[in-house]
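Note sheet for the following structure.
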Amino acid sequence: MADNQAQSAPQMPPGYYPPYQQKKSRWWIPVVIVVGVLIVFFSIIIGIFSAIGSSFSKEPFTVKDNSVLYLDFGKVVGESPSNNPFNFLGEESHATFFDILTAIKAAKDDNRIKGIFFKSTPNNMGLARANEIQNALKDFKQSGKFIYAYIETGREQDYYFALPADKIYMPSEGILEMNGFGGASMFLKGFFDKLGIEFYVLGFEDFKSAGESLSRKNFSDSSRYQLQVILNQRLKMFVDAVVDFRKMDRKLVMDVLNRGVYSADSLKALGFIDEFAQESDVKDMLKEKIFGKTKPDDKDKKLRLVSVSNYTDDLPEVKKENLASEKNQIAIIFAEGSVMDEGGSPFSSEKVICTKEMVKYLKKAREDKDVKAIILRINSPGGSVITSDAIRDEIIKTKKVKPIFASMGDIAGSGGYYIPMACDTIIAHPATITGSIGVILAVPNFHGLLNKLDITVDTISSNPGANSLNGLLPYSDVEKKKLYNIGKPIYDRFIQKVAQHRHKTFEEAHALAKGRVWTGEDALKRGLVDVNGGLFDAISIVKKRIGVPEKMKVRVKIYPEPVDEVTALLRMFGFEKENDDASTGNFFKKNLSAIFGVSRDDVYYFYNSMPDGMKQQVNYMLDILGISQKERVIMAMPYYMDIN
C-alpha cells in the first residue's frame, strides 16, 4: 500500500529541492521594531502639523459697535466649505454662499452693524446666486441702514451686485464692461483633425450637445437656440434690475448695452454711478457716516470693516423664545461640482460630487433624530451616470424616513437634475440652468493618427467582437449601431424616471427631454420643478413642513462639515480617520504632464496664464474626459457656460 502511494505521488521536476526546514524563528522581533519606528515617525509628523496649526489658528473674533459688514467675495465662492489645507495661501474665499446670505440677513437686525460696504471683485457666481444676494441686500435696506458700493473695473454682474446700494462709487479711471451677455466655447475638432484623432459622439437627442466641443467646429442650431434663450433671460433680469434700482428708462439702458464698454465719466453722466472716488475716499465717507466729523486724536472713532468669515464667527445670539427646539433641526447637504466616482484633489478649490461622500452625508442626516428634514443644495453640470443613479437611490431610501427637498443653485442639469429629481419638492431659482435630460457617448478613435505616424495595427482575438470599438481601428457601422444600443436604453430609463418622479407619462417627459436645457423659470412652467426660489426660500418651505413658525430661527446642520486647515492637512496625509472621504483626483488630471511630456511646473504656468473663462472650459472638459476613462455613457451639460 505504501509502495502504491509512493508510486502515485506526483514526481518533482528535475532541479527542484524540497523547502529548507528552518528552526523556530523569532519573526515578530523585526516587526515590533518597524512598527515602533513608524509610530514614533507618525507622532513626530502629527506634532509638527499641530505646531503649524497653532501658529495659523486665529483668536475668536468679536464684532464691536459701529462696525460695517464688508462684502468682498473673492474669486471662488463655494456652496460648501472648502477642505483645501492651503486656503490661507490662495485667493479662495473662506466664506461660502450660505455664509454670505446668513451674514446679510443677521446684519439687518444687529445693532453692532451700521451698514454694508460692497467692493466689487471677480467671482464665480452665476446670475441665480447673484440674484439671491441682491434680494438679500434689498431686504437689508428695509432696516434703514446704508449700503455703499465701490467698483474699480468689472462687468455686468459686478454692477448687478452693487445695484441695491445707496451710493455707487468708481475711480475716475474706472471701466465697466457693459455690453450685454454672451458666451464662448472652444471647439477642438480642427485640432484633433490635424492630429488624426476623431471623436465619435452620440447624443440623445437634438439638444444634447455636450460632445460638440469634441466633434464640431461650432455650435449646432439646437445648441445655439437653447443658449440664446438663456442669454435673453439674463439680459431681461439685468435690465429689469437697473430700471428698478436706478429708476432709469428701459430704452436708455438697452441703448447703453448696445453701444458697449464704458468709462467712469460716461457712466456718471448716464446715471449708472453716483460719484467718482478712490477706495480710501469711500472709507472716509463711511467713517463720517457713522461718527460725523472727527478729529485726528479721535482714536476710538475708527472704521471697523468686518468680513463675512469673521462676522459669522460672532453672529448675534438668538433669544431662546425665537429659536426652534433642538429636536426640530434641518440638515443642508451641499452637492457641488461635476458628478464623479471619486473625490477631487485636496489642493484644488474645484468641488466634485461622488457616491461615497453623498451616501455618507445622507445616511448621517437620515439617522440623526434631531434632524426633521433635509435640503439637498445642488450646483452641478452632471457627469457620471452610475454615480448619479447611486445617489438618487440613496435619496429614495432617505425620503422613506424623512422629507428631503432639493434647492438648485446656478446650475443643476443632466446628472445634476437626475440626482435631485427624486426629492419630495424641487426648488429652483428662475435663473437656474436645469433640465438637459439626456445622455452622451463620446468614443475617441486614433486610427488616423497612427496612419500619419505610419504605425500599423494587427489584431488577435478569441471571439468575433473582442476588438469591437477598439480605438486603434476604424469604427464600422455595425459598431456604431452597438454604441447606439448601449446608450438608448440608458436614455429611455432616464426619461422613465423623470416621468415617475414628476408624475408624467413617458411621452410627456420625452417631450421635455431631448437634452434640452431649461431655465428654472421655464422648468416650473413645464413641471420639471415645483417652486421658483433660492436657498433661503427652500429653508422657509422646509420650516413650514416641519411645523416651525416663519419668524422663528431654526438650527441647521451642514454637510460636509467645515474643517480647519490643519485637519484638512492631516486628512490629506492619511493621519485622520476620515481620510478616505476623498482621493487625489481622477487619473487624467494626475497624469496630465506625463501624457504630454512636459513638467508639472510647465503645465501649472501655462494653466495659470489662461483667462478665467478658458480655465473653466478646460476644467470641465478634463472632468468629462476623466469620467470617460471609466464610463462609456455620461450625463453632462452641453458646455461649461460662463455667461458674461
Under 7 Å by Cβ, and 6 or more places apart or on different chains, what pairs join a residue from region 317-332 that is without any contact (Cβ under 8 Å) to a residue 60 or more places away in the chain with one that is surrounded by fewer than 15 Cβ atoms within 10 Å (Cβ to Cβ)?
-> Lys327/Asp370
What is the number of the single condition among (1) touching a residue at least 12 places away in the same chain (Cβ under 8 Å); (2) surrounded by 14 or more Cβ atoms within 10 Å (Cβ to Cβ); (3) β-branched (Val, Ile, Thr) that Thr294 does not meet?
-> (1)
Out of Ala128, Ala149, Ala136, report the one residue that is touching a helix residue (DSSP H, G or I) at 6+ places or on another chain (Cβ under 6 Å), of a type outside the set (D, E, K, R), surrounded by 19 or more Cβ atoms within 10 Å (Cβ to Cβ) and assigned to a helix (DSSP H, G or I).
-> Ala136
Counting only residues that are among the β-branched types (Val, Ile, Thr) and over 30 Å from Asp393 (Cβ atoms), which one in region 444-498 is surrounded by the fewest Cβ atoms within 10 Å (Cβ to Cβ)?
-> Ile460
Only one of (1) crowded, with 19+ Cβ neighbours inside 10 Å; (2) more than 23 Å from Lys283 (Cα to Cα); (3) at pLDDT 90 or above fails for Ser82. Which number is that?
-> (3)
Would you point out which residue out of Phe245, Phe238, Phe191, Phe181 is among the aromatic types (Phe, Trp, Tyr) and over 30 Å from Lys138 (Cβ atoms)?
-> Phe191
For Gln496, indicate whether it is among the polar types (S, T, N, Q) and in contact (Cβ under 8 Å) with a residue 12 or more places away in the chain.
-> yes
Might you let me know whether region 415-422 holds any residue that is surrounded by fewer than 24 Cβ atoms within 10 Å (Cβ to Cβ) and either over 28 Å from Leu202 (Cβ atoms) or outside the structural domain of Asn135 (by TED's automatic domain parsing) (or both)?
-> yes
For region 432-471, which residues satisfy the criterion of being hydrophobic (A, V, I, L, M, F, W, C) and either within 30 Å of Glu521 (Cβ to Cβ) or touching a strand residue (DSSP E or B) at 6+ places or on another chain (Cβ under 8 Å) (or both)?
-> Ile433, Ile437, Val439, Ile440, Leu441, Ala442, Val443, Leu469
For Val256, the lone unmet condition from (1) in a loop (DSSP other than H, G, I, E, B); (2) among the aliphatic types (A, V, I, L, M); (3) within 17 Å of Tyr160 (Cα to Cα) is (1)
Might you let me know whether region 177-191 holds any residue that is in contact (Cβ under 8 Å) with a residue 40 or more places away in the chain, in contact with a Phe, Trp or Tyr (Cβ under 8 Å, 6 or more places away or on another chain) and closer than 30 Å to Leu472 by Cβ?
-> yes
Pairs with Cβ under 8 Å, 6+ apart, first in region 218-237 and outside any helix (DSSP H, G or I), second of a type in the set (A, V, I, L, M) | Phe219/Leu227
Check region 298-310 and report whether any residue there is of a type outside the set (Lys, Arg) and without any contact (Cβ under 8 Å) to a residue 40 or more places away in the chain.
-> yes
Specify which of the listed residues (Ala412, Ala373, Ala406) is assigned to a strand (DSSP E or B), of a type in the set (Gly, Ala, Ser) and within 22 Å of Phe207 (Cα to Cα).
-> Ala412
Residue check for Ala331: at pLDDT 90 or above, under 26 Å from the mean Cα position of the chain (by Cα), of a type outside the set (S, T, N, Q) and surrounded by fewer than 22 Cβ atoms within 10 Å (Cβ to Cβ) | no
Starting from residues that are acidic (Asp, Glu) and not in a strand (DSSP E or B), keep the ones in region 259-281 and report whichever is nearest to Gly174 (Cα to Cα).
-> Asp265
Considering region 428-471 alone, what residues qualify as being hydrophobic (A, V, I, L, M, F, W, C), modelled with pLDDT under 90 and touching a Gly at 6+ places or on another chain (Cβ under 8 Å)?
-> Val439, Ile440, Leu441, Ala442, Val443
Members of region 190-204 found to be surrounded by 15 or more Cβ atoms within 10 Å (Cβ to Cβ) and in a helix (DSSP H, G or I), listed by number | Phe192
Hey, any hits in region 384-397 for a residue that's crowded, with 24+ Cβ neighbours inside 10 Å, assigned to a loop (DSSP other than H, G, I, E, B) and at pLDDT below 95?
-> no
For region 453-508, how many residues meet the condition of being among the hydrophobic types (A, V, I, L, M, F, W, C) and assigned to a loop (DSSP other than H, G, I, E, B)?
-> 8
Within the bounds of region 245-266, is there any residue that is touching a strand residue (DSSP E or B) at 6+ places or on another chain (Cβ under 7 Å), modelled with pLDDT under 90 and surrounded by 12 or more Cβ atoms within 10 Å (Cβ to Cβ)?
-> yes
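The values are calculated or read from the model by the stated rules, or taken from the named source; none is laboratory data. None of these values were measured; they are calculated from a predicted model. Positions of Cβ are backbone-derived with ideal geometry, glycine not excepted, and every protein chain shown enters the neighbour counts.
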